[in-house]
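> Take this structure first; my questions come after.
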Amino acid sequence: MSPRSIAIDSLNAPHIVYGGKQLYYAQYDGSQWHYETVDATIVRYVSLALDSSGKVHI
């Protein structure tokens with residue numbers, strides 16, 4: 001576990017989760033990045049995985 005984690009989906013698109021003052025998730029769709037705040041609590045360590053359906057698990 002680290003302050004950030006990355007996974008690559010079946011289309012070679014990166015998914016990134018990272019912590020800090022909040023928990024953030026970012027996904028690149030091939031042309032632009034999409035960002036969202038997943039949780040508003042302070043997060044030091046994160047882990048990211050994609051299942052066989054491409055669903056994100058943090």
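The values are calculated or read from the model by the stated rules, or taken from the named source; none is laboratory data. If you're wondering where the values come from, they're calculated on a predicted model, not measured in any experiment. Don't worry about glycine lacking a Cβ; one is built from the backbone with ideal geometry, like all the others, and counts go over all protein chains shown.
> For the stretch 15-46, give me each residue that is under 11 Å from Ser5 (Cα atoms), at pLDDT 90 or above and surrounded by fewer than 12 Cβ atoms within 10 Å (Cβ to Cβ).
Within the stretch 15-46, none qualify.
> Mind checking which residues of the stretch 11-58 are assigned to a loop (DSSP other than H, G, I, E, B) and free of Cβ contacts under 8 Å to residues at least 12 places away in the same chain?
Residues satisfying the conditions are Asn12, Ser31, Gln32, Asp51, Ser52, Ser53, Lys55.
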